[in-house]
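Read the figures in this text as sums done on the coordinates, not as results from a lab. These numbers were taken from a predicted model, which means no experiment stands behind them. So basically every Cβ, Gly included, is an ideal-geometry build from the backbone, and we count neighbours across all protein chains shown.
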């Protein structure tokens with residue numbers, strides 16, 4: 001049975017010696033980009049390889065065009081996944097230390113290219129440590145395999161689509177950043193504050209309980225059915241600051257038993273790259 005959304009620490013621990021399982025450590029800090037790699041070298045889940053958000057999970061930034069973490073090309077992803085020993089028979093587990101905020105990026109990239117057998121460690125690295133499970137130091141690698149992509153372009157929304165559909169009442173666009181950033185009250189990362197006009201605030205942190213684990217499927221389903229209204233989940237588009245944390249809501253959708261939503265990967269940092277694009281501040285009317 002493939003794991004496609006969340007996976008428990010006990011299940012991961014039972015497969016540490018399974019060569020058909022690939023574990024990827026995605027810890028990262030926006031304020032200290034080398035911290036995740038240092039933390040990985042100091043201690044990680046045995047067998048885990050490391051994926052750096054900037055170096056491995058993002059493409060080149062083009063000033064005035066892209067956001068802060070543009071997607072790599074399909075060709076780049078294919079080569080990287082092959083080098084990491086991922087093929088069609090591989091169960092991938094991804095984790096970080098922020099409830100899947102960064103690990104979700106790799107989860108989505110694999111799904112985007114047709115690999116469904118990828119799951120986020122629920123409770124993340126912090127739970128693994130708290131349970132006293134095995135850890136290892138240093139760099140690890142996996143024998144390469146051949147990753148064959150099966151692209152799903154429908155999972156990706158573009159800035160041109162949003163500009164074209166901005167006045168469409170059927171559009172359900174969700175902003176997963178904090179409410180303060182959505183309102184334009186406390187922007188600490190991007191040079192322009194606010195949100196895309198028409199977007200609905202749906203902070204990804206609302207997917208989590210007090211221990212940083214995902215809420216139950218029933219609780220998440222109630223939340224997202226309320227947000228979606230009559231809009232099918234497959235037509236809902238999610239964005240954040242740079243296309244990373246928005247995936248958290250997409251994971252939550254599927255945990256809730258709803259079908260895959262769509263990602264605006266460029267997100268707010270791409271939207272504001274062109275000053276001609278409209279912005280809004282304050283709460284939704």
So what are region 1-130's ellipsoid semi-axes, whole angstrom, largest first, if each one is the square root of 5 times an eigenvalue of the alpha-carbon gyration tensor?
23, 18, 12
Expected 222 nm ellipticity per residue - DSSP helices of 4 or more, -39500 (n - 2.57), all of the chain, to 500:
-7500 deg cm²/dmol
Degrees between helix 217-228 axis and first principal axis of the chain (Cα, 0 to 90, nearest 10):
30
Pick out which of 21, 107, 268 has the largest mean-square fluctuation in a Gaussian network model of the chain, springs linking Cα atoms closer than 10 Å.
21
Which of 17, 190, 209 comes first, and how do the rest follow, when ranked by fewest Cβ neighbours within 10 Å?
17, 209, 190
Counting other C-beta atoms within 10 Å, which of 145, 38 has the fewest, and how do the rest follow?
38, 145
Using a Gaussian network model of the chain whose springs link C-alpha atoms within less than 10 Å, name the residue from 275, 60, 72 with the highest mean-square fluctuation.
275
Percent antiparallel among DSSP beta bridges (both partners in the chain, rounded to 5)
10
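Based on Cα coordinates alone, diagonalise the gyration tensor for region 112-219, multiply each eigenvalue by 5, take square roots, and list the semi-axes in whole Å, largest first.
So the three semi-axes of region 112-219 are 33, 24, 15 Å.
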Out of the DSSP beta bridges found with both residues in region 6-154, what percent are antiparallel (nearest 5)?
10
Can you give me the angle between helix 246-255 and the longest principal axis of the chain, using Cα atoms only, in degrees from 0 to 90, rounded to the nearest 10?
70
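Report the FRET efficiency, 1/(1 + (r/R0)^6), for residue 20 and residue 216, where r is their Cβ-Cβ distance and R0 is 22 Å, rounded to 0.05.
0.15
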Share of antiparallel DSSP beta bridges in region 153-271, in percent to the nearest 5?
10
Find the percent of Cα-Cα distances in region 153-271 that exceed 24 Å, and round it to a whole number.
21
Any chance you could give the angle, 0 to 90 degrees and rounded to 10, that helix 74-83 forms with the longest Cα principal axis of the chain?
20
For Cα pairs less than 8 Å apart in space and 6+ apart in sequence, what is the mean separation divided by the residue count of the chain, i.e. the relative contact order in percent?
22
As an exercise, use a Förster radius of 51 Å and the Cβ-Cβ distance of residue 82 and residue 281 to find the FRET efficiency, rounded to the nearest 0.05.
0.70
Mind sorting 26, 240, 77 by how few other Cβ atoms lie within 10 Å of their own Cβ, fewest first?
77, 240, 26
Most fluctuating residue of 165, 136, 111 in a GNM of the chain with Cα springs under 10 Å: which is it?
165
